[in-house]
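Beneath this line is the structure, given in structure tokens, with notes to follow.
The values are calculated or read from the model by the stated rules, or taken from the named source; none is laboratory data. Fair warning: this is a prediction, and the values are worked out from it, not measured in the lab. Backbone-built Cβ (ideal geometry, glycine too); neighbour counts: all protein chains shown.
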Amino acid sequence: MAGQIVKIFQFYGYALIQILIEPKRFFTELPDNASLIVSLGFCTVCSLFYTGASLLTGGYDDLSIMGGVFFLGSLGMAFVSSLISYITMILTINRKTGFEMIFSIHAFSSGIILLISWVSFFFWFTEIWKWWLVYTGLRNAGRISAAPACLILFMTVTVHFFLLFYLYPVFFRI
């Protein structure tokens, strides 16, 4: 059991370094190394870090509520993004790459940017980097050619934009 835990954390460390240094190589090797549990675990560890850093840098009244919002929001966005990409892929290019692989691409791409996105002024940099990592993952791990990968990425970002645009007034009364 302890050996398995050590191997998992070694893979997380490897993933972290590879995504930062050689994302193309990491995503090329991803189909051999990733599973739904490993991807979810990586994203969970990064979400915990993001939640902790966000709570420590903000002046929030109720830390338990805000911690839940940060944690579930960061994990939820990875899941929603992968679901949108998967549905878009099925509807547009009729490709049968499994949801597990699409989720892994989004989990690792989202997870790595969560490590620095708690700094609010990095928002523009981290979002662009995340979507570039998703594109790289679709190309290398999902083995999708350039035009369909761009279409999936464009549709996912567009759906995200409209989803947030229409949900903003619900949560923040103007």
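Condition first: polar (S, T, N, Q), more than 21 Å from residue 167 (Cα to Cα), surrounded by 14 or more Cβ atoms within 10 Å (Cβ to Cβ) and free of Cβ contacts under 8 Å to residues at least 40 places away in the same chain. Now tell me which residues in segment 42-93 satisfy that.
44, 51
In this structure, does residue 136 turn out to be crowded, with 16+ Cβ neighbours inside 10 Å, of a type outside the set (A, V, I, L, M), in contact with a Gly (Cβ under 8 Å, 6 or more places away or on another chain) and touching a residue at least 12 places away in the same chain (Cβ under 8 Å)?
no
Just to be sure I understand the filter: pairs with C-beta atoms under 8 Å, separated by 6 or more residues or on different chains, first member in segment 1-20 and over 14 Å from residue 133 (Cβ atoms), second member surrounded by 11 or more Cβ atoms within 10 Å (Cβ to Cβ). Which pairs pass?
Close Cβ pairs (under 8 Å, with a partner that is surrounded by 11 or more Cβ atoms within 10 Å (Cβ to Cβ)) amount to 8/38; 8/41; 11/33; 11/38; 12/41; 12/42; 12/45.
Against the condition surrounded by 15 or more Cβ atoms within 10 Å (Cβ to Cβ) and within 23 Å of residue 29 (Cβ to Cβ), how does residue 117 come out, does it pass?
Considered against the rule, which asks whether it is surrounded by 15 or more Cβ atoms within 10 Å (Cβ to Cβ) and within 23 Å of residue 29 (Cβ to Cβ), residue 117 comes out as no.
Taking residue 141 as the residue in question, decide whether it is surrounded by 10 or more Cβ atoms within 10 Å (Cβ to Cβ) and in contact with an Asp or Glu (Cβ under 9 Å, 6 or more places away or on another chain).
yes
So which of 37, 65, 19, 8 ends up being touching a Phe, Trp or Tyr at 6+ places or on another chain (Cβ under 6 Å) and among the hydrophobic types (A, V, I, L, M, F, W, C)?
19
With the requirement that a residue be hydrophobic (A, V, I, L, M, F, W, C), surrounded by 10 or more Cβ atoms within 10 Å (Cβ to Cβ) and closer than 17 Å to residue 140 by Cβ, what does segment 18-41 give you?
If the condition is that a residue be hydrophobic (A, V, I, L, M, F, W, C), surrounded by 10 or more Cβ atoms within 10 Å (Cβ to Cβ) and closer than 17 Å to residue 140 by Cβ, then 19, 20, 26, 27, 30, 34 are the ones that fit.
Scan segment 150-170 and report the pairs whose first residue is free of Cβ contacts under 8 Å to residues at least 40 places away in the same chain and whose second residue is surrounded by fewer than 10 Cβ atoms within 10 Å (Cβ to Cβ) and among the hydrophobic types (A, V, I, L, M, F, W, C), with Cβ atoms within less than 9 Å and a gap of 6+ or a chain change.
Close Cβ pairs (under 9 Å, with a partner that is surrounded by fewer than 10 Cβ atoms within 10 Å (Cβ to Cβ) and among the hydrophobic types (A, V, I, L, M, F, W, C)) amount to 168/174.
If I ask for residues that are among the aromatic types (Phe, Trp, Tyr) and closer than 21 Å to residue 12 by Cβ, which ones from segment 25-82 would you list?
26, 27, 42, 49, 50, 70, 71, 79
Can you find a residue that is charged (D, E, K, R) and closer than 24 Å to residue 6 by Cβ anywhere in segment 48-71?
Within segment 48-71, none of the residues are charged (D, E, K, R) and closer than 24 Å to residue 6 by Cβ.
So, in segment 145-167, exactly how many residues are over 18 Å from residue 124 (Cβ atoms) and surrounded by fewer than 11 Cβ atoms within 10 Å (Cβ to Cβ)?
The total comes to 5.
Condition test on residue 136, is it out of contact with any strand residue (DSSP E or B) (no Cβ under 9 Å at 6 or more places or on another chain), in a helix (DSSP H, G or I), among the polar types (S, T, N, Q) and modelled with pLDDT of 95 or more?
So residue 136 fits the description; yes.
Do the conditions hold for residue 19, that is, is it more than 17 Å from the chain's Cα centre (by Cα), modelled with pLDDT of 90 or more and either not in a loop (DSSP other than H, G, I, E, B) or not aliphatic (A, V, I, L, M) (or both)?
Considered against the rule, which asks whether it is more than 17 Å from the chain's Cα centre (by Cα), modelled with pLDDT of 90 or more and either not in a loop (DSSP other than H, G, I, E, B) or not aliphatic (A, V, I, L, M) (or both), residue 19 comes out as no.
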